[in-house]
Amino acid sequence: MFKLEDNMALSYLVEKIWCAVEVKPCFPLTDVAHFFSVRNDDGAELLLIESLSDLEKEDQPIIQRYLNFKTFCFEIIGLYQVEEDFGVRHFEVKTKQGDRNFQTKLDDWPKKMPNGSFLITDLNGDEYFISSLEFGSKLLASYVE
Amino acid sequence: MKDIYFKKYLKQATLLPSAVAAKIQTQHRDKILFYALSDLDEKMCMIQKWIVIGESSFYIIEKGEVEFFDFNTKYEFKEELGKTANVFSILIEDKILTSLWYSQKQNILFSQLKFILEEKNLGKVVTLKDNPDDLYQEGILSTLLKNQASSDLHKNKVAWRLLKYLKPYQAELVIGCFGAISATVISLVPPFISGKLIDDILRPYQNGDLGLSQALSIGYVLIGALGSSYILREFFTWLRLKKMSFLGEKIARDLRKELFNHLQTLDMQFYANKQTGSIISRVSADTDRIWDFIAFGVVEVFIALVTLIGLAIVLIGLDLELGLIMTLPVPILIFTIFKHGQKMQKLFLRCWRKWSDLTAVLSDVIPGIQVVKSFNQEEKEMKRFGVRNENAMEEFNEVHRSWTSFWPLLMLSIQAIMLLVWSMAIPRLVTMSTDTAYISVGTFVAFILYMGMFSHPIEVIGQMARMLNRSTSSAYRIFEILDTKSTLAKEKNQIKQELKGGVEFKQVLFSYDGVRNILKGVSFNVAAGEMIGLVGPSGSGKSTITKLMNRFYDISGGEILIDGINLKQLELGHLRKQIAVVHQDPFLFHGTILDNIRYGNEDLPLIKVIEAAKVANAHEFILNFKDSYDTIVGERGQTLSGGERQRISIARAILNDPKILILDEATSAVDSETERKIQEALDKLTAGRTVIAIAHRLSTLRKASKILVVKKGEIVEMGSHKELMLLSGEYKKLQDMQMEMHHLMHGTLEQGGKHDV
C-alpha cells in the first residue's frame, strides 16, 4: 500500500510501518510504462512492479501521479530560435508549460525515442520532449533528422 | 555582463524584484542573505515565486504576497527530486507548511538554500562569501559559464587576440604580405599587356600603320614583359605561401606549447569538468585550424579584397559603362554566396552529427573488441557501423549535391553578366573609331581577361564568414583553456619543508560541485609513521579524503594539517613529492618499464631502479620479458597484468621515498598469489612511513593501528580492529558480511569440489 503527500514524498507500508520510498522506472526511455523499482532510502529494492495494473486499484492513481512528477519534462510545442555560440547551442522555445530558454552542448544531439519523438537534455539536466516536428521543423531539421 | 546572460539566454528574472527586497528590508526590518526562485507550480506551469532567507526569518513571496517564517520555530526541510521537476517542502512535525516546485535550472540555488536554512534553523551563524544578488546570479549562471567559460570574449576580440600572436614574427608577416600584394598587383598586368599587344601592334600592323620588323620587335618586348610578369607573380606567390605557411606553423607551435604548459598548471577540478577528448582536440585539431587561418585565411581574404578593388578600378578605368555593368552585381553575388555558405553550414552540421554517430561506434567497438568477439557480435557491429557509414555518406552527398549545383549556377550568373558586357560592347566595337562610343579591340580583350579574374575573389569573400567563424571558434576554445586559472588558493611565503608525515583533519568539509558536501566535518589524526585504515561503502568519501591530502582539490571548510602546518602553506610540488599513491589500477605511461619506474626521478642510477624493483617483487617478472627493463609496456601499460602494473607502481613509489603513502585498494584486483607478492612488497614499502590504506578486504588492515569507518561523508566509527568489533556497529557489520561471503564462497568451492570428485 502506498501513500503520497502533497510534496511528492511517497511511503510504502512494510510490515505495518510506513517507509519512505521512491519508485524508479527501470527503462525510462525504452519502456516507460513497465518495470518500476520501489526502493527505500538506502537504495534497497523493496518491490519490483512489472506494470501499474499489477498494483492494487487504489495504489494505481497514486503511483501514476508520483510518476508524472518523477518523469516530468517540458513539452516543446514551438520553436522561436536556435542559435550557436562558442561551445553552446541556445534554444528559445515555447513549451506546454510556458516560454523557456535553455542551452545544450554543441555535440549533444536530441535523442530519438523508440516512439519517434525526441528528447533534449539541457546543460542543467532539464529535459524537453518533442512529440511532433510539425512546428519549427526547418530550424530543427539539422539537429534531429 | 551577467544581466545580458539572463536576458539573452535564460529568460529569468535577473535579480529579486526591488519591491520585494524593499518590503522585507523595511516592513520586516530584516537583512536579506540569500534567495532563490521557484519556477514551477504543482501543475508544472511556469511561475515566479521567491524564497528569501533573512537574518531572522525566511519569506515566500508570490504575486506580491509575503508569507514569513520565523527561525525560532523548528522546521524540517525536505526535497523530492524528479528528472526535471523537484519539490522543496517546509514542514513542522511532519505537517507540510508549504512546497516550492522548481526545475533543474534552479537546483544549485535550492541545494544551497536547504543547507543555509538547516544551519540557520540549528541556530548556527551562516557566513556567505558574497552578497545575495551575486550568489543568485552565480547559482543560475554557473552551469552555463562552465560550459561556455570566458565567453565574454567577443568573436572580434578573439580574432584580434589571435592576431597578436603574429607580433614576434613581424618580419615574416611583412614579407608574406608584401609577396601577396605584389602577386596581386602583378596579376593585373598580363591582361593590360594583352590589350596593348592587340591595340598597339596587331591592329596597326593589319591596318598597315606599322611595319613587320617593328611590329615583331615591339611584340617580343611585350611578350617578354608578359613572361616577366608571370615569373614575378609566381615568385611572389611562392614567397607569400612559404612565409605565411611557416608563420602559421610557428604560431600553431607557440599555441600548442603555451596550451600544454598551461594544462600542467591546472587543477583536478578542471580535468573533472572537461572531457579528455575535448582537451586533446584543442591542442591538436584547433591549433591546426589556426595554422590554416594564419597561413591562408588572413592573406586569402586580404588578397581577394585587394583583387576585387583593383579589378573594379581597372575595369571602370578602362570603360566606365562596361566597368559598372561588371562591378555593380558583385555585392549581390557575394551576398548569394554568403547565403549559400549559411545553408552549407546547416548541412555540415548534419554531417557532423552523422559523423559523430559513426565515430561513436569506433570508440565503442575498438576498445571493447574483446567483448565483441567473445559474444560473437562481429556481424551485429559490422551492420551497426554499416548503417551509420551509409547515413554519413548520404549527408556528405547532400553537401556535394548542394555545392555542385550552386557553383555552376553562380558561374552561369557571372557568364550572363559577361554576355551582357559582350552585347553592350559589340555595337561599340564595330562603330567608327571617331565615335565617342567606340571601344578598341585591345581594350575589350583586356576587359575580358580582367572579367575572368572576377570569380575567385568573390568565392573567397563569400566563404570568409564561415572560415572566420571556424577559426575564431578554435581560437576561442584555446583561449578558454589559457584563461582558466587553477582554483587552488596560493598562499604567500609557501613553506618547503621535509615532512615527517603527521596528518590531521579538523572538521573538514568538501564538495566537488560547490553544493553537495561529500565530506561533512571529517576529523582524525594520524601520527608520523602510523598506519591507519579507511573502510566504508563505495562513494562514502574514502578516496576523497586521500585526494585532499594530495591537495588535488581545496577544502570548502575546516583545516588539513601536515606536521602541524596548514596544507595550503606547503609548496604544492614539494608536498606532492613526499606523498605517494598506489592505486588499485595504476596508470603506466607508454614507454619502457625503466621509464615508468624512474618517472619523476630520471637522474637516479640504474642500480637504484633494480633495488626498488626487487623490493617491489617486480624484478623477476621484469627479467622474464625479452627486453627486461627496456620492455615497452604499451599504452596505459596494457601489455602487463594488473598485478605486474601494481608492482611497477610500487617500485616507482619506493624510488620516490615518500613520507606519506596512500594505498587505494592496492590489492583488491588481483589473485591470491599476486596479492601475497604485492602485500610483501607493500610491507617493505610501508615500513617507517605514514600510511593511509583504503581497503574493502578488512583482513588487509590488520597492521593498521586505527581504522576509520566512513559513511556518507562522515566518520561514523574510529578505533582499532578489536575496539570496533566490540562496538557492534558498522565495522562489525562489514566484518560479518565479509566472513559470510568468505564462508559462502568457501562452502561453494568445497561443494563444487565434492561434485567433481
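The values are calculated or read from the model by the stated rules, or taken from the named source; none is laboratory data. In this text, all values refer to a predicted model and were calculated from it rather than measured experimentally. Note that each Cβ is placed from the backbone with ideal geometry, even for glycine, and that neighbours are counted across all protein chains shown. When the accessible area is computed, the model is the full protein with side chains, heavy atoms only, and any ligands, DNA or RNA have been set aside. Shrake-Rupley method; radii C 1.70, N 1.55, O 1.52, S 1.80 Å.
Side notes on the structure shown:
- Of all residue pairs spaced 6 or more apart or on separate chains, those with beta-carbon atoms under 9 Å, a first member in the stretch A:95-110 that is over 17 Å from B:LYS8 (Cα atoms) and more than 7 Å from chain B (Cβ to nearest Cβ) and a second member that is open to solvent by 30 Å² or more (accessible area, probe 1.4 Å) and assigned to a loop (DSSP other than H, G, I, E, B) are A:LYS96/B:CYS45; A:LEU106/A:GLY87; A:ASP108/A:LEU123.
- Here is the figure for the stretch A:35-45: residues that are more than 22 Å from B:GLY539 (Cα to Cα) and in contact with a Phe, Trp or Tyr (Cβ under 7 Å, 6 or more places away or on another chain) total 1.
- Scanning the stretch B:683-709 for residues that are small (Gly, Ala, Ser) and in contact with a Ser or Thr (Cβ under 9 Å, 6 or more places away or on another chain) returns B:ALA693, B:ALA695, B:ALA704, B:SER705.
- Of all residues in the stretch A:24-43, those satisfying the criterion of being under 27 Å from B:ILE92 (Cβ atoms) and either within 14 Å of chain B (Cβ to nearest Cβ) or open to solvent by 50 Å² or more (accessible area, probe 1.4 Å) (or both) are A:ASP41, A:ASP42.
- Condition check for A:ASP108: in the same structural domain as A:ASN7 (by TED's automatic domain parsing) and either surrounded by fewer than 19 Cβ atoms within 10 Å (Cβ to Cβ) or of a type outside the set (Gly, Ala, Ser) (or both): no
- Residues in the stretch B:45-99 that are more than 40 Å from the chain's Cα centre (by Cα), within 14 Å of chain A (Cβ to nearest Cβ) and of a type in the set (Phe, Trp, Tyr): B:TYR75 alone.
- Some residue of the stretch B:534-546 being open to solvent by 60 Å² or more (accessible area, probe 1.4 Å) and part of a strand (DSSP E or B): no
- Cβ separations smaller than 9 Å between residues 6+ apart or across chains give the following pairs from the stretch B:696-707 residues that are farther than 20 Å from B:ASN525 by Cα to residues that are of a type in the set (Gly, Ala, Ser) and surrounded by fewer than 19 Cβ atoms within 10 Å (Cβ to Cβ): B:HIS696/B:SER538; B:HIS696/B:SER668; B:ARG697/B:SER668; B:THR700/B:SER668.
- Condition met for B:LEU362 (in contact with a Ser or Thr (Cβ under 8 Å, 6 or more places away or on another chain) and either assigned to a helix (DSSP H, G or I) or within 14 Å of another protein chain (Cβ to nearest Cβ) (or both)): no
- The listed residue being assigned to a helix (DSSP H, G or I), surrounded by fewer than 17 Cβ atoms within 10 Å (Cβ to Cβ) and of a type in the set (S, T, N, Q), out of B:THR431, B:THR404, B:THR436: B:THR404
- The helices (runs of 4 or more DSSP H) found entirely in the stretch B:559-635 that carry 1 or more residues being open to solvent by 50 Å² or more (accessible area, probe 1.4 Å) and in contact with a His (Cβ under 9 Å, 6 or more places away or on another chain) are B:606-615.
- For B:ASP209, the test of being over 22 Å from the mean Cα position of the chain (by Cα) and either in contact (Cβ under 8 Å) with a residue 60 or more places away in the chain or not in a helix (DSSP H, G or I) (or both) is passed.
- In this structure, A:ASP126 qualifies as within 17 Å of the chain's Cα centre (by Cα) and at the interface with chain B (Cβ under 10 Å from one of its Cβ atoms).
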